[in-house]
1. Would you pick out the residues in region 130-167 that are in a helix (DSSP H, G or I), over 19 Å from Thr69 (Cβ atoms) and among the aromatic types (Phe, Trp, Tyr)?
2. Restricting to region 337-361, name every residue that is of a type in the set (A, V, I, L, M, F, W, C), under 17 Å from Tyr305 (Cα atoms) and in contact with a strand residue (DSSP E or B) (Cβ under 6 Å, 6 or more places away or on another chain).
3. Counting residues that are touching a residue at least 60 places away in the same chain (Cβ under 8 Å) and buried (at least 16 other Cβ atoms within 10 Å of the Cβ), which strands (runs of 3 or more DSSP E) fully inside region 303-397 reach at least 2?
4. Could you go through region 307-318 and let me know if any residue there is of a type in the set (D, E, K, R) and more than 22 Å from Tyr365 (Cβ to Cβ).
5. Step by step: first the residues of region 282-299, then only those that are under 19 Å from Phe381 (Cβ atoms) and assigned to a helix (DSSP H, G or I), then the one that is farthest from the chain's Cα centre (by Cα). Which residue is that?
6. In region 59-77, which residue that is without any contact (Cβ under 8 Å) to a residue 60 or more places away in the chain and either farther than 14 Å from Trp139 by Cα or not assigned by TED's automatic domain parsing to the domain that holds Ile99 (or both) is surrounded by the fewest Cβ atoms within 10 Å (Cβ to Cβ)?
7. Here are the criteria: (1) surrounded by 16 or more Cβ atoms within 10 Å (Cβ to Cβ); (2) closer than 23 Å to Gly223 by Cα; (3) at pLDDT 85 or above. Tell me which single one Cys159 does not satisfy.
Amino acid sequence: MKIINKTLAILLGISILLIGCSSNEVTPQENQGSKAVVENEIAMLYTNMSAGFKSDFKTHPFEYTGDLTVEKLAQGLSELTGLDFYITTQDPNDNLKEITIDWDQNSTLIANLDDREQKDDFFLFDEDSMRWFMLDSLWYTVIENLDYENVYYTMNGGCNLEFDNLYPIKEFPSNIIYMGSAFYYAHADTHNGEILSEEDAFALAEDIMQERGDFSTVILSDGEEIIDGEHAYIFSTGDYSEDGQKFTAMYHYAVSDRGNIYYLDVLSGADWILNNNETSSKVDFSVFTDISSAEVESFVEGVQYDLINEEWTSLASKISYPIDIGSKTFETEDEFAIYDIGSLLSDDCKTFIAQTDCTNLFANYEGVMIANGKIWITEIFNEDMSSRGLKVYVWNP
């Protein structure tokens with residue numbers, strides 16, 4: 001009897017031990033549920049199937065995890081379109097507002113389509129369309145999603161991005177920001193389909209130098225700049241020292257892609273001054289309105305004045321509603337007039353507004369632009385085609 005009791009006690013102890021062990025055991029389902037769930041974030045990809053039309057960007061939601069980078073956005077565009085957006089990036093001069101994007105030789109942009117298959121929704125019939133599509137889509141996607149205001153495009157580790165054939169411009173200098181196909185097409189339109197070459201720019205500068213009496217023995221190319229929102233070639237004229245070792249520049253000139261000529265008066269400051277003469281191109285506002293040039297220029301001057309002086313009530317009457325300014329949508333004139341519009345404007349936008357020369361504007365069929373294309377103005381019509389006059393209808397702060 002004692003033996004039986006002892007045996008029962010041992011069995012009872014073993015049962016208790018087994019129950020204790022099983023209570024600490026975690027099932028696979030329980031273990032899986034204990035892991036932290038990583039939630040996907042949503043960004044927006046932008047694509048433009050119509051080169052030269054700034055308003056034709058389409059949006060596509062894009063899921064990602066972790067920090068959003070240019071590389072992730074490029075990968076998203078690759079998966080969306082079937083084209084290879086192979087790139088590397090760097091922040092020039094540690095400036096977080098600017099980014100340099102270097103296109104890989106194996107990207108579709110450089111290597112071309114070859115035997116790569118395009119997705120049906122993004123089928124492009126020619127090489128030019130494909131390249132402008134890729135350049136525009138990545139540029140706009142980066143600016144809209146990340147804290148960059150300027151994008152520079154390069155290839156081969158920092159060299160100028162250039163193509164054998166691309167209309168209307170086939171080379172993008174590594175030190176000049178990318179402006180979007182609408183900008184390049186618009187400038188080409190003012191020059192009968194051709195952007196001014198450096199050789200032609202040199203000839204124009206030489207003629208004006210002679211007319212002004214500033215011609216010296218030597219004229220040198222002195223780089224490139226953006227003046228009034230437009231790419232321009234820079235030239236300096238002067239003389240070498242007797243030993244030929246030192247060049248002293250006496251006069252400085254700039255010639256824009258549209259043939260506008262500027263000079264630098266070093267005595268009055270470092271600002272470029274438009275040379276108002278017959279050689280400078282005249283803007284043809286008739287491409288978008290029958291309103292006279294004087295009225296267009298006067299309206300633009302009014303917009304510029306209101307912006308510089310923060311006259312929001314006055315500016316409110318010059319807007320076509322609804323209008324988006326950044327993430328803010330204004331539905332009415334009253335809503336716009338009471339808002340602190342200045343809080344929505346970037347420093348670049350304010351600078352471009354202040355530098356706009358209202359006698360030297362750029363226009364195409366979409367309207368007239370100021371502030372380096374951040375603001376567009378056109379003639380607005382009612383449903384019965386009666387004119388509501390000139391209005392600001394696009395504003396990218």
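1. Hits for region 130-167 are Trp132, Phe133.
2. Kept after step one, since they are of a type in the set (A, V, I, L, M, F, W, C), are these residues of region 337-361: 337-338, 341, 344-345, 349, 352-354, 358, 361.
Then drop every residue that is not under 17 Å from Tyr305 (Cα atoms), which leaves 337, 341, 345, 349, 352-354, 358, 361.
The answer is Leu361, and nothing else.
3. Values: elements: 323-325, 328-330, 362-364, 367-370, 375-381, 387-395.
Of the strands (runs of 3 or more DSSP E) lying wholly inside region 303-397, those with at least 2 residues that are touching a residue at least 60 places away in the same chain (Cβ under 8 Å) and buried (at least 16 other Cβ atoms within 10 Å of the Cβ) span 323-325, 362-364, 367-370, 375-381, 387-395.
4. Pass one, region 307-318, residues of a type in the set (D, E, K, R): 310-311, 318.
Now drop any that are not more than 22 Å from Tyr365 (Cβ to Cβ), which leaves 310-311.
Yes: region 307-318 contains one or more residues that are of a type in the set (D, E, K, R) and more than 22 Å from Tyr365 (Cβ to Cβ).
5. The initial filter retains those residues of region 282-299 that are under 19 Å from Phe381 (Cβ atoms), namely 285-292, 295-296, 299.
If we keep only those that are assigned to a helix (DSSP H, G or I) as well, we get 285-287, 295-296, 299.
Values: Phe285: 25, Ser286: 27, Val287: 24, Glu295: 30, Val296: 26, Phe299: 26 Å.
Here the answer is Glu295.
6. Looking at the filtered set, the residue picked out is Asp67.
7. (1)
Conditions (1) among the small types (Gly, Ala, Ser); (2) assigned to a strand (DSSP E or B); (3) at pLDDT below 80; (4) over 21 Å from Met179 (Cβ atoms), marked per residue:
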{"residue": "Asp214", "(1), (2), (3), (4)": "no, no, yes, yes"}
{"residue": "Leu220", "(1), (2), (3), (4)": "no, yes, no, yes"}
{"residue": "Gly223", "(1), (2), (3), (4)": "yes, yes, no, no"}
{"residue": "Ala232", "(1), (2), (3), (4)": "yes, yes, no, no"}
{"residue": "Gly244", "(1), (2), (3), (4)": "yes, no, yes, yes"}
{"residue": "Ala254", "(1), (2), (3), (4)": "yes, yes, no, no"}
{"residue": "Arg258", "(1), (2), (3), (4)": "no, no, yes, no"}
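The values are calculated or read from the model by the stated rules, or taken from the named source; none is laboratory data. Everything numeric in this text was worked out from a predicted model, so none of it was measured. So basically every Cβ, Gly included, is an ideal-geometry build from the backbone, and we count neighbours across all protein chains shown.
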